[in-house]
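Since the structure comes first, as structure tokens, the remarks are kept for the end.
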Amino acid sequence: DVIRRIVDAAAGMRPRALAAVHVLDVESGAMQVTASPEMGSLPLERPIHAGLPGIVSEQRRPVLVAEPLTDSRTLAPEWWRERPRASYYGVPIMVGDSLVGVLDYIVPEGVPDREEQETLNLLAAHAGVAIRNASLYQAEHVQSTRIRALAGVNQRISSTLDLDPLLRTITESAAQLTGVRFVSFWLADDRARTLTFTAYSDAELAADFSVRVTRYDQGSVGWIARPSALGFPPRNL
């Protein structure tokens, strides 16, 4: 909501001006875009260093492109041909020394004046605070979720002697805590040197497992079970 307000405030500085905020997603290597409605035909997700915002992300300073159509980094030239007199101004959104996004400003004619540029720098600072706060909130939410999940597992361990539902709870909690889709337990029989597929976090994916018992000398699970892989005798996997 804050980012949308910042986009609207930037676009409202001049009639027919447009604005967008690109938030960096380091894990995916892309930027998620919140933009003026008129920019809806442009990609709402793009690589970090793509297009004119990519120049800003690389240089980490405000960038003015007076004639986007003549710049080799311009994406969607057909979009700019409909706005032949428009210019582009991009401001990096920083949190400390870290780049977290880019604020775009597009004016229909000419270039942004000094007052507009100063206002955009201020809006970029507000965007940085909003992105930082959202990141902190997300981290706190993830941490509280992990604590609740671990408390639930601990309660199960303390209250049940039934292994199968306990292992299923652990796999489901592990998937939730790590953000992966599938976690499984393979129980080791060190005498027979075999591993048995015992518990899992997703029944639909587990149904595709054709192998339910494997040996220590087979596959990646078997490799992990071998003493040479771990440096000590294997336990339940």
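The values are calculated or read from the model by the stated rules, or taken from the named source; none is laboratory data. Treat the numbers as computed from the prediction; the structure is a model and nothing was measured. Positions of Cβ are generated from backbone atoms using ideal geometry, with glycine treated the same way; all protein chains shown enter the neighbour counts. Accessible surface areas use protein heavy atoms only, side chains included; no ligands, DNA or RNA. Shrake-Rupley method; radii C 1.70, N 1.55, O 1.52, S 1.80 Å.
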(request) Keeping all protein chains in position, work out how much accessible area M13 exposes to a 1.4 Å probe, and write it in Å² to the nearest 10. (result) 60 Å²
(message) Using a probe radius of 1.4 Å on heavy atoms only, what accessible surface per residue do you get for the chain? Whole Å² is fine.
(response) 59 Å²
(message) Between R61 and R85, how high is the FRET efficiency from 1/(1 + (r/R0)^6) when r is the Cβ-Cβ distance and R₀ = 35 Å? Nearest 0.05.
(response) 0.90
(request) Sort I3, I147, I93 by accessible area with a 1.4 Å probe, largest first. (result) I147, I3, I93
(request) Could you give the C-alpha radius of gyration of the chain expressed as a fraction of 2.2 N^0.38 Å, taking N as the number of residues it contains? (result) 1.50
(request) Using only protein heavy atoms and a 1.4 Å probe, report how much of Y105 is accessible, in Å² to the nearest 10. (result) 0 Å²
(request) Sort W223, W79 by accessible area with a 1.4 Å probe, largest first. (result) W223, W79
(request) Can you figure out the FRET efficiency of E109 with D1, using R₀ = 45 Å and their beta-carbon distance, to the nearest 0.05? (result) 0.90
(message) What is the sum of charges, Lys and Arg at +1 and Asp and Glu at -1, for the other residues whose Cβ falls under 14 Å from the Cβ of V107?
(response) -2
(message) Using a 1.4 Å probe on the protein heavy atoms, what percent of the accessible area of the chain belongs to carbon and sulfur?
(response) 53 percent
(message) Let me check something: with ligands and nucleic acids excluded, how do V213, V33, V7, V129 order by accessible area (1.4 Å probe), largest to smallest?
(response) V213, V129, V33, V7
(request) Could you work out how far helix 114-159 tilts from the main Cα principal axis of the chain, as a 0 to 90 degree angle to the nearest 10? (result) 10 degrees
(message) Can you compute the helix-only [θ] at 222 nm over the chain? Use -39500 (n - 2.57) per DSSP H run of at least 4 residues, normalise by all residues, nearest 500 deg cm²/dmol.
(response) -13500 deg cm²/dmol
(request) Note down the relative contact order for the chain as a percent, whole number, built from C-alpha pairs under 8 angstrom at least six residues apart. (result) 12 percent
(request) Using only alpha carbon pairs under 8 Å that are at least six residues apart, calculate the relative contact order of the range 30-165 and give it in whole percent. (result) 16 percent
(message) Take R215 and E27, extend 7 Å from each Cα along the Cα→Cβ direction, and tell me the distance between the two endpoints in nm.
(response) 3.9 nm
(message) If each residue of separation counts as 0.36 nm, what is the full-extension length gain between A192 and N133 once their alpha-carbon separation is subtracted?
(response) 15.9 nm
(request) Apply 1/(1 + (r/R0)^6) to the Cβ-Cβ distance of N121 and E78, taking R0 = 25 Å, and write down the FRET efficiency to the nearest 0.05. (result) 0.25
